[in-house]
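Before any comments, here is the structure.
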Amino acid sequence: QVQLVESGGGLVQPGGSLRLSCAASGTVFSINAMGWYRPAPGNQRELVATITNGISTNYADSLKGRFTISRDNSKNTVYLQMNNLNAEDTAVYYCNAVYKRRASGVSLNSWGQGTQVTISS
């Protein structure tokens, strides 16, 4: 099992920036991808950004150019740099990890508790 602890959320004015962090812990074979999601209509979670352990990244189209995801594999930590924030970015941001307990195992998902990001003047 992978445990995820997010940090870095808070209140920021429109146009401001925030950097979220998510640290993964636990004894597993590999953590193949980590990423960030936020709530979407219909009780779903929409992709914000993901990054593999090979540093391949994927972003929601609407967020490209403002958000940047990065990863420190030595620390099992993923970061989300968010710039030029606006009110529509207000949400709880959830960290996700896709991992395997053993080499031949299936891929599993773990979620963090979420960190609140509020954009307001």
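Values quoted throughout were computed directly from the atomic coordinates according to the rules given, and no laboratory measurement underlies them. Quick caveat, the model's predicted, so the values are computed rather than measured. So basically every Cβ, Gly included, is an ideal-geometry build from the backbone, and we count neighbours across all protein chains shown.
Over all other residues within a Cβ to Cβ distance under 14 Å of L18, the charged ones net out to +1, with Lys and Arg as +1 and Asp and Glu as -1. Using the Cα gyration tensor of the chain, with a ≥ b ≥ c the square roots of its eigenvalues, what is the shape: rounded (a/c below 1.5), prolate (a/b larger than b/c) or oblate (neither)? Taking the square roots of the gyration eigenvalues as a ≥ b ≥ c, the chain is prolate. Under a 5 Å amide H cut-off, with hydrogens placed 1.01 Å from N, V117 pairs with G10, A91, V92, Y93 among residues at least 5 apart or on other chains.
What's the local net charge at L63, with K and R +1, D and E -1, over the other residues with C-beta under 15 Å away?
Value of the local net charge: +1.
Seen from S110, the other residues with C-beta closer than 15 Å to its C-beta sum to a net charge of +2, counting Lys and Arg as +1 and Asp and Glu as -1.
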